[in-house]
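Just below is one structure, and these are the notes that go with it.
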Amino acid sequence: MWETLAQAVINGLLIGGIYALVSIGVTLIFGVVKIVNFAQGEFVMLGMYISFFLATQFGIDPLVSLVVSMPVLFLAGVLIQHFLIRRVLGPNDMPQIFLTFALSLLLLNLSLMLFSANYRTVHTSYSDEAWHIGGLYIPVAKLIAFAVAMALSGLLWVFLHTTDLGRAMRAASQNRDVAMLMGINPNRVFAVAFGTALALAGAAGSLLMPFYSAYPFVGQVFVLMAFVAVVMGTLGNVMGALVASLMMGVAESLGIQFVGADSGLIVVFGLLLLTLAFRPSGLGARRGR
Amino acid sequence: MPGDRKPSAINNAAPTNASRTKLNRRKFLVKTGGVLAAGAFGAVPLRGWAADPINIGALYPSTGSMAQIGIGCVAAAKLAVDMVNEAGGIKSLGGAKLNLIVSDVQSDTTVTRTETDRLITGNKLSAIHGCYASALTLIASEVCERARVPIITGSSSDQLNKGRSYTFTPFARASQFAKAQLQMAKLVSEQAKVAVIFENTAFGTSTSNGLKELAPGEGVEIVMFEPYSAGFTDASPLINKVKASGANTLFSLSYLNDLILIVRTVKQVGLDIAINGGSGGFVMPDFYKNVGKAAEGLQGVAHWNHDVNEDAQKVNAEFKKRTGEFAFEYAGGLVAQTFMLADALERAASADPKKVRDALSTLDVSSGYAAMAPGGKVKFGPDGKNVYGRPVGVQWQNADLASIFPKEDARAPLLKT
């Protein structure tokens, strides 16, 4: 019984690390640029395909291809922010919603056309490996993914709190007008924020590739959990999103284990409703930004 | 029902005489013209001119979500037509060649309806084959029934055998697959304890219920019966449950992506359990490419396998040469189906779809490419079902699918994992 419970928690934490990379991206964009990026899942998908093609064409390990997928998606983020998002920033939310939603549909259907609906997997030496400790097991690929995800989240935290650009980002997220008065160029800050968020999505894609299949709809699977985590962890709060993501992973795993294999999401959304009922602005609200 | 046959016999009475005279005249011309011209020009170029080609419609999804198998089906359909034509075409029709008219049904039910209609109205077809996927085949079959064009299909849906007279299904039905899976569980252990996990969709629920109903009769105990939501991110919790159930065989009724995750997770956990992945995507070459060595020893069921007999192995070799992959169940089945059509055309001595349908209904073969199926014999009952049809149990061995069940069809011993 304890063994099953412990195993369920381990499973949940490991997958929660991936949810965290996606949700931190969403919450960063929301916090700084103040828009909801519905296309975040599709950028995870692009990250996966980048790693897939680098692995199959050039034999590059998906984890190594992180150094390609992250910069490529960072650049894509900067360009999207500069040419698309910047034009719709204003008091009206509707154009922003439509823009990112349209972006999601466009990327989805483009990739269906280019890559077809087939499932693509990459086989690495560690894909099917696991460490066995007592009666428990820890899949190596997921452990690596979790560790890198946590390291990247940590780096982001350090960046936001110790560098000028990071502080500027936090300032712009708190009050754009005052930040501008202080000499911060919001367009530059927004571009970096959007790029960073997409780079995280790309990282999630590369980290997933050794143990998950790439297909055009793959982003949708992860983005749902990410949105739940973003709301639970307080909108715009990076640390909140991280903690909430790990909680979501564990809640889903426990739900499947002890409630029913089709009830993982029921438990997750039950938890979300409870949170909203008792702490409407999310778990991260008290700590501030 | 005997009543089912009658209307078609009456309907066919009228055109019979007219087309027979026409055909006899054509035959006469073909023979005399052929002989006369052969002296003057040599026989070879005239053979194409002599007999009108026979149009066979092929409905497959070569784009969209089902495209992967659909494209393989089209390749097999072309191979089959080439084989029939190289062997001299339809001799009773003056060596007429089969002409394949391929139509893409785009993995979409609406498109399937319009494409089937368009194919039938736009071409003089003798018969149609397609669409492999049950959801699409059911619709194509409806259109064919209305237009009175025979359709022969590898789809396993039992619904295709209800109230239809132009639909022919030469291979095992879905209901037979469940039974075969349960019997295979007993190969692994006399005390078969089966865990059934299935996605909570129409496909998963209906198939799993079939297994549940049949299990007691086959002496198989189901120790876990659990639906899961398709498209999960992590199979670990589910496999954790399977482990706790103490099962020695796992039936996973899943689509490809979930199944890949499940198999990989079972290996990671180090769980000692026989896995039966059923049919569909599981018995495709792509499955092994995705899962790799972890697929070794996994069992499944198929309506056709490339080692069933020598003819099948020949087809497999040729298919491999053309596509680089072994002939999967639908591909090999399609070659057999095309030869069944050729047999019917030969006996009908007519390209008229109604006569081809009648000839198909009296098909009875036990040798040659047309009989290349598990069981080795094809004869259609009044419901269009092959009375000898049965599934074959297969296992992944050395990156290839080997037939292991039932005894009569086994070509390799069961690999214990």
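The table below gives the values:
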| read-out | value |
| --- | --- |
| Whole-percent carbon and sulfur share, accessible surface of the protein assembly as shown, 1.4 Å | 62 |
| Cα gyration tensor category, rounded, prolate or oblate, for the range B:248-329 with a/c compared to 1.5 | prolate |
| Local electrostatic count at B:Val220 - Lys and Arg +1, Asp and Glu -1, tallied over other residues with Cβ under 14 Å | 0 |
| Minimum 10 Å² accessible area buried by the other protein chains, the range A:1-37 residues, probe 1.4 Å, relative to alone | A:Thr4, A:Gln7, A:Asn11, A:Ile15, A:Tyr19 |
| Per residue, in Å², the accessible surface of chain B once ligands and nucleic acids are set aside, probe 1.4 Å | 40 |
| Where A:Phe115, A:Phe53, B:Phe251 fall by accessible area, highest first, once all protein chains stay in place (1.4 Å) | A:Phe53, A:Phe115, B:Phe251 |
| Chains A and B, summed buried accessible surface - 1.4 Å probe, Å², nearest 100 | 2800 |
| Segment B:Lys289-B:Lys162, length gained on full extension (0.36 nm per residue, minus Cα span) | 42.0 nm |
| Gained length - A:Thr162 relative to A:Phe58, 0.36 nm times residue gap less alpha-carbon distance | 33.7 nm |
| For the protein assembly as shown, share of DSSP beta bridges that run antiparallel, in % to the nearest 5 | 35 |
| In Hz, Karplus ³J(HN,Hα) per residue of the range B:333-346 (6.51, -1.76, 1.60; θ = phi - 60°; x = Gly, Pro) | x, 5, 5, 4, 4, 4, 6, 5, 4, 4, 4, 5, 4, 4 |
| Principal-axis tilt of helix B:256-269 within chain B, Cα atoms, nearest 10 degrees | 30 |
| Within 10 Å of each Cβ in B:224-233, the average number of Cβ atoms from other chains | 5 |
| Theoretical FRET efficiency, 1/(1+(r/R0)^6), r = Cβ-Cβ of A:Asn118 and B:Val102, R0 22 Å, to 0.05 | 0.60 |
| Probe 1.4 Å, accessible area per residue of the range A:38-120, Å² | 50 |
| Most mobile listed residue (B:Gln159, B:Gln299, B:Gln313) in chain B, GNM with C-alpha springs under 10 Å | B:Gln159 |
| Cα-based shape type of the range B:56-117, given that a ≥ b ≥ c are square roots of the gyration tensor eigenvalues and the cut on a/c is 1.5 | oblate |
| List of the range A:103-127 residues, accessible area with partners at least 10 Å² below that of the chain alone (1.4 Å probe) | A:Ala117, A:Asn118, A:Tyr119, A:Thr121, A:His123, A:Ser127 |
| Built amide H within the under 5 Å cut-off of B:Phe171, gap 5+ | B:Asn386 |
| Added length on full extension, which subtracts the Cα-Cα distance from 0.36 nm per residue, B:Glu142 to B:Ala230 | 28.7 nm |
| Those residues of the range A:256-277 for which accessible area with every protein chain present is at least 50 Å² below the isolated value (1.4 Å probe) | A:Ile256, A:Gln257, A:Ala261, A:Asp262 |
| Vicinal HN-Hα couplings computed from phi for the range B:296-308 (Karplus, 6.51 cos²θ - 1.76 cosθ + 1.60; Hz; Gly/Pro x) | 4, x, 6, 9, x, 10, 9, 8, 7, 9, 6, 10, 4 |
| Quotient of Cα Rg and 2.2 N^0.38 Å for the protein assembly as shown, N being how many residues it contains | 1.12 |
| Cα-based shape type of chain B, given that a ≥ b ≥ c are square roots of the gyration tensor eigenvalues and the cut on a/c is 1.5 | prolate |
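The values are calculated or read from the model by the stated rules, or taken from the named source; none is laboratory data. Note that this is a predicted model, so its numbers are computed, not measured. Please note: Cβ atoms are built from the backbone with ideal geometry, for glycine as well, and neighbour counts cover all protein chains shown. SASA here: full protein model, heavy atoms, side chains in, ligands and nucleic acids out. Shrake-Rupley method; radii C 1.70, N 1.55, O 1.52, S 1.80 Å.
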